[in-house]
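Quick notes on the structure that follows.
Every number in this text was worked out from the coordinates using simple rules, so none of it is lab data. Just so it is clear, the structure is predicted and the values come from calculations on it, not from any experiment. Please note: Cβ atoms are built from the backbone with ideal geometry, for glycine as well, and neighbour counts cover all protein chains shown.
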Amino acid sequence: MIVSPCLEARPCPALLVTAPASGQGKTTVTAALAHSHRSQGRRVRVFKTGPDFLDPMVLECASGAPVQQLDLWMGGAAHCAGLLHSAAAQADLILVEGVMGLHDGTPSSADLALHFGLPVLAVIDASAMAQTFGAVAHGLATYRPGLRLTGVLANRVGSAGHAQMLHESLPAGIAWYGALPRGEHYALPSRHLGLVQAGEVGDMAQRIAAAAQALGDSGALPMPPAVDFDAPPTSASAALPSTLAGVTIAIARDAAFSFLYRSNLDTLRALGAELCFFSPLANQPVPAGAHALYLPGGYPELHLPALAGNTASRESICAHHAAGRPLVAECGGMLALLESLTDAAGHRAPMLGLLPGQGAMADRLVNLGMHSLALPEGEVRGHTFHHARIDVRLPAALHTQAQRHHGQPEPVFRKGRLFASFMHLYFPSNPAAVAALFKP
């Protein structure tokens, strides 16, 4: 995202929603807060900490606005500052959903909160605790000097009496943001990579509204403190060169190929590219006139019969590659390029056959973590998260480097202008290097 230097900085109420661990209900609570404030006429902007494609889909449904990533390693502090500065100039409230537990990861949600002075709301699953709730809240508030824990919210509470007990356990100085009762009618369904995509849950809007109603029933929701979001350095807010001017990039986008960062699309547009979208699931061909093709990640393994039988889409993608045009495929997009893919139930189907090899879904996580990739044009950062294994009869052109010293690198395959890897690239980390991948 390129931030206009004419936007004036102004204080904006902001809150980072975090938890002691994953699975505590951060997304449900963040969505409920966004819906509640939006229903009161406030303009709400929501961000997601770290690399995540699924939570933002829910948060966009709740806020009615695009949701982007804030990650100090993947995007950098200046990039994050630009996103927050731009949002603060237009919004009445900024909500940031954290990742994993408050102090998990490097950088963590706590690092982000400290860097930008974000007040923190902790969501704690209280379904199996009583007074220990207060001890957990106290630990979150005091573990990291300088962190501003403005309050806590109890999730999955059993009764009004249970909520009262939790409230009374809080130490002085930690505000009570209320309680969210147990409720399947607003629970968010999950599958192997996280939440089910918002577009696949027919009553998603109703679930979010029900959570907001339940949260509101527990008491008045306080407005969080205002934060000053300064403009990023001039170098970070400068316009990108129009390296991709005149280049049309076709992007697969449907239930099978949906893992797209908003900031990736913004970066391509800022580089001058024209974007057009098509659906391989609907058997749509690559749009005529496309100079480059982008197959993002998603869930091809859930749609094997349709993808295998859609000849118009298949033939057009293969023709695009045969013509020597750029093709960038990430994770699920790469799986679709293989000769075959086998799902978790053992069903096998032919895929595009542009990469010689097979893929199969595993019954557990295969790789997870932040990664960087050294391209000739410079380093690009991103992440990997998948349950698939591949056997490709093509030497890897290079390998990614895991951020963690014990992390597992990912192979990168290059075949003509085809570029494929399990790594999800974060385009703002190096727009010039990304432009080189797509430039004809």
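Values as computed for the structure displayed
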| item | result |
| --- | --- |
| Gyration tensor verdict on the stretch 12-227 (Cα atoms; rounded if a/c is under 1.5, prolate if a/b is larger than b/c, oblate otherwise) | rounded |
| Angle between the chain longest axis and helix 26-39 axis [Cα atoms, degrees, rounded to 10] | 80 degrees |
| Stretchable slack from ARG414 to LEU368, in nm (0.36 nm times residue separation minus alpha-carbon distance) | 14.3 nm |
| Shape category assigned to the stretch 241-438 from the gyration tensor of Cα positions, a/c cut at 1.5 | oblate |
| DSSP bridge pairs, the stretch 12-227: antiparallel proportion in percent, nearest 5 | 15 percent |
| Separation in nanometres of the label points that stand 7 Å from Cα toward Cβ, at THR311 and GLN403 | 4.6 nm |
| Dipole magnitude of the stretch 12-227, debye to nearest 20 (Cβ charges: Lys/Arg +1, Asp/Glu -1, about Cα centre) | 260 debye |
| Helix axis angle, 77-88 relative to the chain longest principal axis, alpha carbon, degrees | 60 degrees |
| Residues ARG269 and ARG10, FRET efficiency given R0 of 25 Å [Cβ-Cβ distance, rounded to 0.05] | 0.45 |
| The stretch 241-438 - share of DSSP beta bridges that are antiparallel (%, nearest 5) | 60 percent |
| Helix-only mean residue ellipticity at 222 nm for the chain, each DSSP H run of n ≥ 4 adding -39500 (n - 2.57), per residue, nearest 500 | -8000 deg cm²/dmol |
| Selected from HIS85, HIS371, HIS387 as most flexible by GNM, with the chain as the system and alpha-carbon contacts under 10 Å | HIS387 |
| Exposure rule at most 11 other beta-carbon atoms within 10 Å, DSSP loop trypsin sites (Lys or Arg not before Pro): the chain longest free segment | 1-363 |
| Charge context of PRO280, other residues only, Cβ under 11 angstrom, K/R +1, D/E -1 | +1 |
| Sequence-separation-based contact order of the stretch 241-438, relative, with Cα cut under 8 Å and 6+ spacing, percent | 20 percent |
| Percent of beta bridges antiparallel (DSSP, the chain, rounded to nearest 5) | 40 percent |
| Rounded to 10°, Cα long-axis angle of helix 54-63 versus longest principal axis of the chain | 60 degrees |
